[in-house]
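*Asks:* First the structure, which I've put down as structure tokens, then a few questions once you've had a look.
The values are calculated or read from the model by the stated rules, or taken from the named source; none is laboratory data. Just so you know, these numbers come straight off a predicted model, no measurement behind them. We place every Cβ from the backbone using ideal geometry, glycine too, and count neighbours over all the protein chains shown.
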């Protein structure tokens, strides 16, 4: 493909990612209006978020494998179509059940579209420098989408009603489908005869869905609640059964050769820790701004915009150049150090904070994510074989969702357990949550230093692993 064609293809993939990620945060601002209009109970309202996350995180790995078998372009287009149609159903919902079902369908479409995106980028941009720039742009759209969603959700809900936060996806989705048909190269995949491992798909999808559900329940009912323990235990059994299945299946859903590559499993582990810390920060800082400093929802979204700008500067303007010069591992470590510095800064956040002195520096340190995420993506994807790009992409996106869900559930629960009524007590609880995130980032930094290798060394190790697997 020519350079302009590849740029257009990347723009389509980024636009789709922005739409999917945006939908995860834009809804949160509209929840009070949704509850008042459709008659949700306080406990039932959380399902408008949980249903989306369960489907999105649970189906990601299976969707990535489908991309390898059926063709990534076809799976991407199917995901966009499902997501767009489900958005229409969300906007037309007249009762809680209809909205929750449509949100689940949205999550399924988002999983199909997102799971194959990184694989397509890896194929479109094989040169290291070009790939670094492409991953930087993709990381920016994902990270910025959450911040933009909070602001846009406030404007749409106040001006047009809660339905608008879903219906806005219709023109975006339709345009993305039309452009994708033109810009994305067709690929055939290996075909279903190569093996879809239906039993493995059922085990891992059920295990991940139950796992994400258990994590969500923990955030509401506690980690020792019967529902949390029951769902979590069953999820663990299904995932364990899936792991055993992959060692025996003729055509495994997650090839053991991929899991044996150090950069693949290490990068996914680092990502789980990093995203657990970052997503919990996003939730807790929003609560801090509103409940301690008294910000409105719209002002909170605007206050967090500098984070999106900082992430954009890091991922779009700096990451590719710095990765080309210093390497992915060095930039990942640098980004993690900046993020850890932000968490240390949070430990002193006072009750009477001023935005410029106390909050804005935190947002600017978010540039660390813009440096770390493209580097981490490159480390994970460069170690995968071309025929495994789809499943590697699905695995990487799965650990994003699981890490984010786990971090939010764990640290909001920690903040609630150590907080209480009144601004001072709330601030104490939020600090506990922030410090928990700092521990995760510290672990991520140590693992990155100890385990991750440069792509050249990783590729050499992957080749040796593949040859050893073949010889066996």
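*Asks:* If you scan segment 209-264, which residues turn out to be in a loop (DSSP other than H, G, I, E, B) and within 24 Å of the chain's Cα centre (by Cα)?
*Replies:* Hits for segment 209-264 are 222, 223, 253, 254, 255, 260, 261.
*Asks:* Tell me, yes or no, whether segment 381-393 has at least one residue that is farther than 30 Å from residue 204 by Cβ and part of a helix (DSSP H, G or I).
*Replies:* So in segment 381-393, the residues farther than 30 Å from residue 204 by Cβ come out as none.
No - not one qualifying residue is present in segment 381-393.
*Asks:* How many residues are crowded, with 21+ Cβ neighbours inside 10 Å and over 24 Å from residue 112 (Cα atoms) when one looks only at segment 201-251?
*Replies:* Count: 5.
*Asks:* So which of 192, 181, 208, 237 ends up being at pLDDT 85 or above and closer than 20 Å to residue 79 by Cβ?
*Replies:* 181
One line per residue, one yes/no per condition, for (1) more than 22 Å from the chain's Cα centre (by Cα); (2) surrounded by fewer than 24 Cβ atoms within 10 Å (Cβ to Cβ):
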site: 300; (1), (2): no, yes
site: 322; (1), (2): yes, yes
site: 342; (1), (2): no, no
site: 350; (1), (2): yes, yes
site: 359; (1), (2): yes, yes
site: 368; (1), (2): no, no
site: 372; (1), (2): no, no
site: 376; (1), (2): no, no
site: 380; (1), (2): no, no
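*Asks:* Taking segment 419-458, which residues are without any contact (Cβ under 8 Å) to a residue 60 or more places away in the chain and more than 18 Å from residue 276 (Cα to Cα)?
*Replies:* Within segment 419-458, 419, 420, 421, 422, 425, 428, 450, 456, 457 meet the criteria.
*Asks:* OK, next. For segment 162-175, does any single residue satisfy the condition of being modelled with pLDDT of 85 or more, over 30 Å from residue 39 (Cβ atoms) and not assigned by TED's automatic domain parsing to the domain that holds residue 299?
*Replies:* The answer is yes, given that some residue of segment 162-175 is modelled with pLDDT of 85 or more, over 30 Å from residue 39 (Cβ atoms) and not assigned by TED's automatic domain parsing to the domain that holds residue 299.
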